[in-house]
1. Taking the range 230-241, which residues are under 14 Å from F259 (Cα atoms) and buried (at least 16 other Cβ atoms within 10 Å of the Cβ)?
2. Search the range 341-385 for residues being among the small types (G, A, S) and within 24 Å of the chain's Cα centre (by Cα), and hand back the single one that is nearest to W170 (Cα to Cα).
3. Mind listing whichever residues of the range 73-93 are assigned to a loop (DSSP other than H, G, I, E, B) and either among the hydrophobic types (A, V, I, L, M, F, W, C) or away from the ligand (no atom under 16 Å from the Cβ) (or both)?
4. Which of (1) assigned to a loop (DSSP other than H, G, I, E, B); (2) more than 16 Å from the ligand (Cβ to nearest atom); (3) touching a helix residue (DSSP H, G or I) at 6+ places or on another chain (Cβ under 7 Å) is the odd one out, the single condition L180 does not satisfy?
5. If S147 satisfies all but one of (1) among the hydroxyl-bearing types (S, T, Y); (2) under 22 Å from the mean Cα position of the chain (by Cα); (3) part of a helix (DSSP H, G or I), what's the number of the condition it fails?
6. What tally of residues in the range 1-24 results from selecting those that are at pLDDT 95 or above, more than 11 Å from T368 (Cβ to Cβ) and not in a helix (DSSP H, G or I)?
7. Kindly check whether there is at least one residue in the range 138-153 that is touching a strand residue (DSSP E or B) at 6+ places or on another chain (Cβ under 8 Å) and either within 13 Å of the ligand (Cβ to nearest atom) or closer than 26 Å to P270 by Cβ (or both).
8. Can you tell me which condition R258 does not meet? The list is (1) outside any strand (DSSP E or B); (2) buried (at least 23 other Cβ atoms within 10 Å of the Cβ), and all the others hold.
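The values are calculated or read from the model by the stated rules, or taken from the named source; none is laboratory data. Remember, predicted model here, so these are calculated numbers, not experimental data. FYI the Cβ positions are ideal-geometry reconstructions off the backbone, even for glycines, and counts take in every protein chain you see.
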Amino acid sequence: MPQPTLDPLTARWRPEFPGLERSVYMNTCSLGQLSRRSMDGMQRFQEQWLSYGASAWYELWLGEMTDARARFARLVNAQPHEIAILPSVGVALSVIGSSLDFSARPEVVVTEMDFPTIPYQWMARREEGAQLRLLPSPDRVQVPLESFAQAIGPRTALVATTHVFFTSGWVQDIAAISALAHTAGALCLVDGYQAAGQILVDVKAADVDVYISGGLKWLLGGPGIVFMYVREELIPQLHPTTTGWFAAKDMFKFNPERFEMAEDARRFEPGTPAVAAVYAANSGLSIIEEIGVAAIRARTAELDADLIRRLAAAGLQPRLPAQMARHAGIVMLPVENPSAAVKALKERGIIIDYRPGALRLSPYFYNTETENQLLVNAIVEVLNG
Ligand SMILES: Cc1ncc(COP(=O)(O)O)c(C=O)c1O
């Protein structure tokens, strides 16, 4: 297959990610590349820590958090006061879970394609009355909308599912799922960890209640930080019991006798965040914002299509949806012993990942068609022993 000239967007941004010189990196769906901007951000944080000490909190770090919340809000079409900063999806779910009452409506609808931390959360709340409805996937790619329609009803407290599935790249119709939840009087929470950054997210158009995404992957911000959108009207109705002083309306009054929760989404923040992660993530978000998600989506889709063509030309058959318009970023290639293949590829300087039964390949806008071919050649070599 001919090698096209380097795409201008890719050419412009590759130097920002020095790790790309060290390997063929096709694993953004596990961990996005570290940018020079995030390195500078974390360096700045260290210098502030050194020269300001604790006053960095008031003079700089709270401001950086405000900035990061606003940037994520712009990305998903929310308002800054609807965004909370938390350390992981698991913690964000715990906070939301702790504010739900399962006595009248015990069921939480989840799918088997969701990241396991989602079903685990409601299994762990069995004693509080939560009952899991786990929807199956007929093809390991998607979950039909009809399954949601059949499962959601008057016993449903919450539909907690995913925007882009982590083992198929399938983009769920979150607006349709949310509409089903709302019609039944239930809430809709979406895990957008594999979506925000690589595809357009509009929480208002989708009319979801809670939307969570984080730095780790397509937002290029590294581990230790997630952003959680909670719909403005819902905020005062939720009273999380997993909480702390950051959730207090007047947190700097340090009043142990009275706990009034913040009126904005800060009420979902239990405590002191990992500030280095805030700096890394805010820098990553600024890159996404500068390029623009539409351009990122177009270039990533182009690379996905190119990779799929090259795999097919080599006689390999990725597991893909019939409806490719609903596919984003993650190409699964079923193989017999994926962990051994990932190891062998790493020895050849190619970084991918695997999930049970399949290799997981995820080019991003900073990858090239040449890297796609190197990846395919190496996979063929490794699979042929
Ligand atoms: C869809 C999805 N949700 C959540 C996570 C991670 O959750 P947590 O932040 O709790 O580690 C991942 C990957 O790490 C993921 O792919």
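1. P240 - this is the single residue of the range 230-241 that is under 14 Å from F259 (Cα atoms) and buried (at least 16 other Cβ atoms within 10 Å of the Cβ).
2. S362
3. Hits for the range 73-93 are N77, A78, Q79.
4. Failed condition: (1).
5. (2)
6. 3
7. No: zero hits.
8. (2)
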